[in-house]
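Everything below concerns the one structure shown next.
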Amino acid sequence: MIIKSLSLALPLLIGTIAQANAACNASLVQNLVGTTATFNTVNNAIQTAGAGSTRVIEESNPIMTKDFVPNRLTIFTDLNNKIKSLACN
């Protein structure tokens with residue numbers, strides 16, 4: 001029973017590990033600069049860039065952690081929620 005459970009869970013675990021280690025590629029989403037950072041735009045950017053996580057930083061509140069997360073997409077916006085730049089970090 002335990003072996004059967006492990007054999008069923010293993011593909012899920014491998015998929016999770018692969019996604020966590022996926023490389024983020026911000027060059028694939030640079031075309032979004034100048035567009036509004038809507039829910040759909042951000043979700044599409046995450047998928048297109050291959051990011052495992054994201055954060056949106058508005059220029060009026062530039063406080064962010066300095067930890068480096070290579071599979072995280074950071075989206076920088078202006079006061080009108082227009083995307084100024086995108087980076088993987």
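If the chain linking Thr41 and Ser53 were pulled fully straight, counting 0.36 nm for each residue of separation and taking away their Cα-Cα distance, it would gain 2.9 nm. Given +1 at the Cβ of Lys and Arg, -1 at the Cβ of Asp and Glu and no other charges, the dipole of the range 23-88 around its Cα centre is 80 debye to the nearest 20. For the range 48-58, 3J(HN,Hα) computed residue by residue from phi via the Karplus equation (6.51, -1.76, 1.60; θ = phi - 60°) reads 5, 6, x, 7, x, 7, 8, 8, 10, 10, 8 Hz, glycine and proline entered as x.
Amide H contacts of Asn81 (H built 1.01 Å from N, in plane; Pro and chain starts excluded): no residue 5 or more places away or on another chain comes under 5 Å.
All of the numbers you see were taken from the coordinates with simple rules; none came from a lab. These numbers were taken from a predicted model, which means no experiment stands behind them. Neighbour counts run over all protein chains shown; Cβ positions are idealised from the backbone, glycine included.
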